[in-house]
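J.: After the structure tokens below, expect a handful of questions from me.
The values are calculated or read from the model by the stated rules, or taken from the named source; none is laboratory data. As the structure is a prediction and not an experimental result, all values here were calculated from the model. Heads up, the Cβs are rebuilt from the backbone with ideal geometry, glycines too, and the neighbour counts pull from every protein chain shown.
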Amino acid sequence: MNKVITDGVDLMPPAFSAGLNLWSDQDGTVGQTTYDVAGGAVLIPSDSDFGACLELQKTVATQKLRYTGRTPMLPGMYLRVSARVKAVNGNLPSVSIAGWAGDASGVHVTGISEVGTPVSLTAYGDIVEVSAIIGAGNRRGVDLVWGAAPTFGHFGLDLTGPSGGTIRVENIRIEDVTHVFYRKLMDWVDVRDYGAKGDGVSDDSAAFRAADADAKGRKVLVSTGTYHLGSNVTFMSEVRFEGVVTTPAAVRLALTRNFDLPSYVDAFGNEELALKKALQALFNFSDHDSLDMRGLRVTLSAPLDVHAAVGNQDTYGNRRVLRNGQLESDGSPVWANEVVSSLASYDPTRPTVLSNVAAVAQVPVGALVEGAGVGREVYVRAKNIAAGTIELSLPLYGAPAQQTYTFTRFKYLLDFSGFTFLQRFNVSDVEFLCQGKCSALMLPSDGLAFQLRDCFVTAPKDRGVTSIGHGCSGLQLDRNQFLSNEQALNVADRVTIGVNINANDAKLRENRAVRFKHFAVLAGTGYMIQQNHVFQGDNAKTNQRTAGIILSHNNPTTLVSANYIDNCSLDWGNEHDSTPNNTGGFSFGALTIEGNIFYAGQAPHWFRFLRIKPYGRGHYINGLTVTGNTFKHSGGPLDRVEEVDSSIAPLLADRFLNLRINGNTFNNVTAKMANPVTHEMNQLTASLTWSADLVANLPFGGKTRRVVGVMAHNQIKSAAGAGVYTAPYAVPGLGPNGTEIKLHWSEPVSGKVYATVRADGLI
């Protein structure tokens, strides 16, 4: 690089023969005296060594010689000022290259070194060359580091030491020696050339911004050193780091042209810190919607509190994506669960509040709540220390007025719980390497349309994805792998849960979950649960089976379609209802289960694929579709595929409405449910009344509510063998359990009919 060639910059001062009026005995600035009037200097027309030269007598302590012309100082340019001198007579002085630095306004720039290393003259007639390199950057070989402030200089010599001597000076030479520092013409600029010191203490923010502004399409090089940034820096140019950066927590570094995690690792020299600073930039810059980890595995020394890392955002609404990498815990003690027990009061009229909480300050936000009458996956959403209250993620179905609760705070690789509202954040192609040391992901307290897609949640210690509030509203879980840390354990010994959702409108699609206690606990409505494979068996083939999917809203308005539900059940209840008794409303309904594969191997005969559990009295089924499913068991036959858990309260079978259960396939199942049920009644001897018990086919403990059709198979005959063409009338709801029907004929008859019976009433 040579500015004389590339930019046409004129550096070389004229020869002394051009006139002593061009050379000052002071600093060279306008108005100061020059040697044509000051005396003490003469032009020598012909010296045996130098030819035409300047003879200068030292008469003061520091005899100055300065060119009055302004030599430009440009960013990224390094100048060598040199001269050949010899002593002629008198005392022998020392000679230094020297200059005077001025800024763009012509004002003297202070606080920098303007005099080079002195060279002593030791003999008369010996030719000595003195030189110094001047430039902005603090580089090895630069004698006078001027920084970015000076824009020009007046250059020449200083004579120091004893006065009374005379020297001769060949012409002063000023050359662009930038090529000494740049091995070739590079397409980058170095922050040191703009005044960055790289000492880890000085604030280099301004130099970084100046380098970026001057790059104009070139890259910016942050050369070796430690650069402290005291204020925000946004690079509009691509940056390459040889050195590292330090910043206060609140200061942001935005790399807009190479916004990826490896670049931040290069910048900060630490992967964990780099991820935090990159996320901070992601939330504070509008030109990028995603942070690419570029396949890096980041080991975290503590849970990554994303809200704290961002620092200045409590709510955020723009789409942002974290993609393509791995996160893991270092397994240090900080990852241990926090467990607190505390006495508290509960009032169902305030369904999501615990009051009079003892030592409420010690209860962590985000902790799992356990106690009598507490449903699964209830969390501490917030707390009010002054009021002594805790806000819960969900109501409690049967908690006493006062009891001691256990609060367990799991630790997560990515924790978004500090945000009060966050929407449209996506995590894509990221593996959460929990390895039994921690949980994976905690959602924000409130938000919308969070998405986890194509990710691996590998061996979480306690939980995969946790919602402590409504940050799961519109959650999308697409094509993820949930791999339990408890795969070697028997079903009864497992405690981990894949995901819980409290709010509405979530989508669970094409996920695979292996050997959790439960895959999903779903407390809201409006779900699409499609094409997932949920597997929860064990190697010992024990009798124990648990729910793979739990619906805890009795009217979930949900579609469960095309899933593979493997060695686990689909459970439906209302455990998150503070008033679980049904006193009105829709009760259990608005659920469609269609086209799924339900499979189990070596399960006990009493295992059921579909289970309904009312947590209060007065409930019934009011809108359930179970169509096109396959129910298959390997081993001894199952008694049936569905049941009602009436340990708290029964379902009211005489109030069932709108059941559509048909088109299902049953393999190795004794009792096959359907509604309507078409039952064959074959009467071999003539009888006035025919009876049938449909208990094996009525779903969920249903009763024979209506006989909607009777069709004869061939001829109905009287006792004498004559054809009878009168129709019977039917009486449903008979027998001790209401599962029987009777057909009453006009006379004793025999034959075969098909009676179609419904367990639900008219809509």
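J.: Report yes if some residue within the stretch 106-117 is over 49 Å from the mean Cα position of the chain (by Cα), among the hydrophobic types (A, V, I, L, M, F, W, C) and either outside the structural domain of THR34 (by TED's automatic domain parsing) or farther than 30 Å from ALA211 by Cα (or both); otherwise report no.
T.: no
J.: Determine, yes or no, whether VAL731 is under 30 Å from GLN531 (Cβ atoms), touching a strand residue (DSSP E or B) at 6+ places or on another chain (Cβ under 7 Å) and of a type in the set (Val, Ile, Thr).
T.: no
J.: Another question, then. I need a count of the residues in the stretch 204-242 that are outside any strand (DSSP E or B) and not charged (D, E, K, R).
T.: 18
J.: Residue by residue through the stretch 704-733, note down the ones that are surrounded by fewer than 20 Cβ atoms within 10 Å (Cβ to Cβ), under 60 Å from the mean Cα position of the chain (by Cα) and of a type in the set (A, V, I, L, M, F, W, C).
T.: VAL708
J.: Please note which strands (runs of 3 or more DSSP E) are completely contained in the stretch 382-423 and include at least 2 residues that are hydrophobic (A, V, I, L, M, F, W, C).
T.: In the stretch 382-423, 389-392, 412-415, 421-423 are the strands (runs of 3 or more DSSP E) which contain 2 or more residues that are hydrophobic (A, V, I, L, M, F, W, C).
J.: Where residues in the stretch 117-141 are at pLDDT 95 or above, aliphatic (A, V, I, L, M) and assigned to a loop (DSSP other than H, G, I, E, B), which of them is surrounded by the fewest Cβ atoms within 10 Å (Cβ to Cβ)?
T.: Only one residue tops the list, namely ALA123.
J.: Out of the residues in the stretch 285-306 meeting the condition of being modelled with pLDDT of 95 or more and over 19 Å from ASP429 (Cβ atoms), tell me which one is farthest from the chain's Cα centre (by Cα). Explain how you work it out, then say what you get.
T.: Step one: list which residues in the stretch 285-306 are modelled with pLDDT of 95 or more, which gives 290-306.
Subsequent filtering for residues that are over 19 Å from ASP429 (Cβ atoms) retains 301-303, 305.
Working: SER301: 16, ALA302: 15, PRO303: 12, ASP305: 10 Å.
If we take residues in the stretch 285-306 being modelled with pLDDT of 95 or more and over 19 Å from ASP429 (Cβ atoms), then SER301 is farthest from the chain's Cα centre (by Cα).
J.: Quick one: is THR689 touching a residue at least 12 places away in the same chain (Cβ under 8 Å), hydroxyl-bearing (Ser, Thr, Tyr) and surrounded by 14 or more Cβ atoms within 10 Å (Cβ to Cβ)? Explain how you work it out, then say what you get.
T.: Values: touching a residue at least 12 places away in the same chain (Cβ under 8 Å): yes; hydroxyl-bearing (Ser, Thr, Tyr): yes; surrounded by 14 or more Cβ atoms within 10 Å (Cβ to Cβ): no.
When the stated conditions are applied, THR689 does not pass them.
J.: crowded, with 22+ Cβ neighbours inside 10 Å, touching a Gly at 6+ places or on another chain (Cβ under 6 Å), touching a residue at least 40 places away in the same chain (Cβ under 8 Å) and β-branched (Val, Ile, Thr): is that true of ILE97 in this structure?
T.: yes
J.: Restricting the search to the stretch 72-94, which residues are part of a strand (DSSP E or B) and either of a type in the set (A, V, I, L, M) or surrounded by 22 or more Cβ atoms within 10 Å (Cβ to Cβ) (or both)?
T.: Those that are part of a strand (DSSP E or B) and either of a type in the set (A, V, I, L, M) or surrounded by 22 or more Cβ atoms within 10 Å (Cβ to Cβ) (or both): TYR78, LEU79, VAL81, ALA83, VAL85, ALA87, VAL88.
J.: Filter the stretch 342-360 for residues that are surrounded by 15 or more Cβ atoms within 10 Å (Cβ to Cβ) and either of a type in the set (Val, Ile, Thr) or not assigned by TED's automatic domain parsing to the domain that holds THR389 (or both) and give the result.
T.: Of everything in the stretch 342-360, those that are surrounded by 15 or more Cβ atoms within 10 Å (Cβ to Cβ) and either of a type in the set (Val, Ile, Thr) or not assigned by TED's automatic domain parsing to the domain that holds THR389 (or both) turn out to be THR352, VAL353, VAL357, VAL360.
J.: Here is a further query. Mind telling me which of the residues GLY751, GLY721 ends up being farther than 26 Å from MET673 by Cβ and assigned to a strand (DSSP E or B)?
T.: GLY751
J.: Mind listing whichever residues of the stretch 350-381 are of a type outside the set (Gly, Ala, Ser), within 17 Å of ILE497 (Cα to Cα) and not in a strand (DSSP E or B)?
T.: VAL374, ARG376, GLU377, VAL378
J.: In the stretch 136-151, what residues are among the aliphatic types (A, V, I, L, M) and closer than 20 Å to ALA213 by Cα?
T.: ALA136, ALA148, ALA149
J.: Name the residues in the stretch 202-244 that are under 14 Å from TYR264 (Cβ atoms) and free of Cβ contacts under 8 Å to residues at least 24 places away in the same chain, would you?
T.: Hit for the stretch 202-244 is GLU238, nothing else.
J.: Yes or no: the stretch 361-375 includes at least one residue that is surrounded by fewer than 16 Cβ atoms within 10 Å (Cβ to Cβ) and not hydrophobic (A, V, I, L, M, F, W, C).
T.: Yes, the conditions are met somewhere in the stretch 361-375.
J.: From the list SER223, SER231, SER237, exactly one residue is within 16 Å of GLY137 (Cβ to Cβ) and surrounded by 14 or more Cβ atoms within 10 Å (Cβ to Cβ). Which is it? Give the derivation first.
T.: Working: SER231 fails: within 16 Å of GLY137 (Cβ to Cβ); SER237 fails: within 16 Å of GLY137 (Cβ to Cβ).
The match here is SER223.
J.: On to the next question. Using the structure shown, decide if SER286 is more than 26 Å from GLY331 (Cβ to Cβ) and assigned to a helix (DSSP H, G or I).
T.: When the stated conditions are applied, SER286 does not pass them.
J.: For residues that are within 18 Å of ASP203 (Cα to Cα) and part of a loop (DSSP other than H, G, I, E, B), tally how many sit in the stretch 243-279.
T.: 7
J.: What is the residue count in the stretch 634-648 for residues that are under 44 Å from the mean Cα position of the chain (by Cα), outside any loop (DSSP other than H, G, I, E, B) and buried (at least 17 other Cβ atoms within 10 Å of the Cβ)?
T.: The qualifying residues number 3.
J.: Go through (1) closer than 24 Å to ALA520 by Cβ; (2) touching a Phe, Trp or Tyr at 6+ places or on another chain (Cβ under 8 Å) and name the single condition ARG409 misses.
T.: Here ARG409 meets the rest and fails (2).
J.: To continue, here is another question. Within the stretch 296-317, which residues are assigned to a loop (DSSP other than H, G, I, E, B) and either in contact with a strand residue (DSSP E or B) (Cβ under 6 Å, 6 or more places away or on another chain) or of a type in the set (A, V, I, L, M) (or both)?
T.: Pass one, the stretch 296-317, residues assigned to a loop (DSSP other than H, G, I, E, B): 296, 301-303, 311-314, 317.
Across the stretch 296-317, the qualifying residues are LEU296, ALA302, PRO303, GLY317.
J.: Further question on the same structure: Can you name the number of the only condition in (1) surrounded by 20 or more Cβ atoms within 10 Å (Cβ to Cβ); (2) assigned by TED's automatic domain parsing to the domain that holds GLN602; (3) in contact with an Asp or Glu (Cβ under 8 Å, 6 or more places away or on another chain); (4) in contact (Cβ under 8 Å) with a residue 40 or more places away in the chain that GLY498 fails?
T.: The single condition GLY498 does not satisfy is (3).
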